[in-house]
Amino acid sequence: MYYKKIGKEIKRYHTIIIARHIGPDPDALGSSIGLKELILNNFPKKQVYVVGAPASRFKYLGNVDKLPEIDYSKALLIVTDTPDTKRIDGADHTKFAKVIKIDHHPLVEKFADIELIDDKASSASQLIIELAKINHFRLNQEIASKLYLGVVADTNRFLYEYTSYKTFELVAWLIKKTNLNFTSLYDNLYTKSLKEIVFSGYISLNMQITEAGLAYIKLTDNILKKFDVDPSTAGNLIENYNNVDKIKVVAFCSEDKGNNCIKCSIRSKGPIINEIASHYSGGGHIYASGARPKTFEEVDKMLEELNKICQSFE
């Protein structure tokens with residue numbers, strides 16, 4: 001069983017690096033930082049580091065580490081919430097003695113020695129909870145809070161269809177095991193700044209909606225600067241528009257000059273979108289994906305494809 005195999009590898013290696021995908025969300029951070037704290041809570045003498053670019057918006061979930069000099073050939077790499085190598089942030093998987101993948105996305109690329117993939121799971125954080133349960137790892141409230149928030153964020157408070165009885169079963173076990181005061185955690189996750197609300201107003205007034213039901217907006221660097229927001233902000237607001245009538249698919253596309261791409265968040269109420277996203281340096285779930293085309297010309301091509309699937313979807 002993969003959970004037991006992963007538990008054995010965690011026990012075996014003294015140095016463990018944990019990575020997640022670029023442009024992290026609360027599940028990517030909750031699963032990776034939560035896993036680090038879980039390992040150290042059970043094996044305090046190990047050297048465990050979380051790598052990747054920092055995400056100031058989600059700093060309440062914890063911080064990434066600055067790596068010391070290490071011998072990668074003797075270290076274990078665990079990659080959470082990441083389906084393929086091009087999206088791994090902060091680690092070269094080819095340098096490590098062993099690689100483990102823990103992911104809930106559909107299979108895109110096999111790159112690890114042990115691949116725990118469950119695309120029926122709500123989140124990578126759910127898989128880490130199950131890893132802890134099966135291996136009888138000790139938990140505390142700090143660890144539990146990160147894993148809980150990862151699950152809640154990726155299920156949008158248990159609203160999405162891949163929330164299952166197993167999701168509730170594992171979350172209930174986590175709460176009971178740690179006596180977690182979960183209601184106190186929501187403020188960090190759902191508090192929005194005033195500038196985000198103002199920016200949301202701009203999106204609402206300027207979003208385009210096609211006859212087929214594709215809602216989209218293209219946000220240039222100048223627009224983002226005008227509202228003093230970063231390229232991730234629109235993506236953080238997209239769930240507000242996913243339950244609007246007459247809209248089948250929502251795509252928010254923000255110019256990201258720092259990463260030389262257009263950062264696109266895409267959500268769907270029915271049409272399958274992850275295959276289209278994969279054509280534009282992205283991917284994800286069938287109803288929740290992201291893409292990173294290089295130009296707005298590529299964005300227009302992607303939007304044409306999304307509009308076509310909206311036209312064919314009843």
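Just name the residue that is surrounded by the most Cβ atoms within 10 Å (Cβ to Cβ) out of those in region 265-314 that are of a type in the set (A, V, I, L, M) and over 18 Å from the mean Cα position of the chain (by Cα).
The selected residue is Leu306.
Mind telling me which of the residues Ser200, Ser184, Ser232, Ser204 ends up being in the same structural domain as Pro26 (by TED's automatic domain parsing), of a type in the set (Ser, Thr, Tyr) and farther than 21 Å from Glu297 by Cβ?
Every option except Ser184 fails the conditions.
Determine whether Ser193 is within 27 Å of Lys59 (Cα to Cα) and touching a Leu at 6+ places or on another chain (Cβ under 8 Å).
no
Report, by residue number, each residue of region 182-206 that is more than 28 Å from Val171 (Cβ to Cβ), aliphatic (A, V, I, L, M) and surrounded by 12 or more Cβ atoms within 10 Å (Cβ to Cβ).
Listed by number, the residues that qualify are Val198, Ile203.
If we scan region 207-223, do we find a residue that is of a type in the set (Lys, Arg), closer than 27 Å to Pro83 by Cβ, buried (at least 22 other Cβ atoms within 10 Å of the Cβ) and touching a helix residue (DSSP H, G or I) at 6+ places or on another chain (Cβ under 8 Å)?
No, there is no match, as no residue in region 207-223 is of a type in the set (Lys, Arg), closer than 27 Å to Pro83 by Cβ, buried (at least 22 other Cβ atoms within 10 Å of the Cβ) and touching a helix residue (DSSP H, G or I) at 6+ places or on another chain (Cβ under 8 Å).
Here's a check for you: in region 223-272, which residue that is over 25 Å from Tyr160 (Cβ atoms) and among the β-branched types (Val, Ile, Thr) is modelled with the lowest pLDDT?
Only one residue fits best here, namely Val229.
Hey, Val108 hits all of (1) at pLDDT 95 or above; (2) of a type in the set (A, V, I, L, M, F, W, C); (3) out of contact with any Lys or Arg (no Cβ under 6 Å at 6 or more places or on another chain); (4) surrounded by 17 or more Cβ atoms within 10 Å (Cβ to Cβ) but one; which does it fall short on?
With (1) at pLDDT 95 or above; (2) of a type in the set (A, V, I, L, M, F, W, C); (3) out of contact with any Lys or Arg (no Cβ under 6 Å at 6 or more places or on another chain); (4) surrounded by 17 or more Cβ atoms within 10 Å (Cβ to Cβ) applied to Val108, the lone miss is (1).
Any chance you could count how many residues in region 108-142 are touching a strand residue (DSSP E or B) at 6+ places or on another chain (Cβ under 6 Å) and either assigned by TED's automatic domain parsing to the domain that holds Glu275 or of a type outside the set (A, V, I, L, M) (or both)?
Qualifying residue count for the region: 2.
The values are calculated or read from the model by the stated rules, or taken from the named source; none is laboratory data. Since we're looking at a predicted model, the values are computed, not measured. Glycine also receives a Cβ, built like all others from the backbone with ideal geometry; neighbour counts cover every protein chain displayed.
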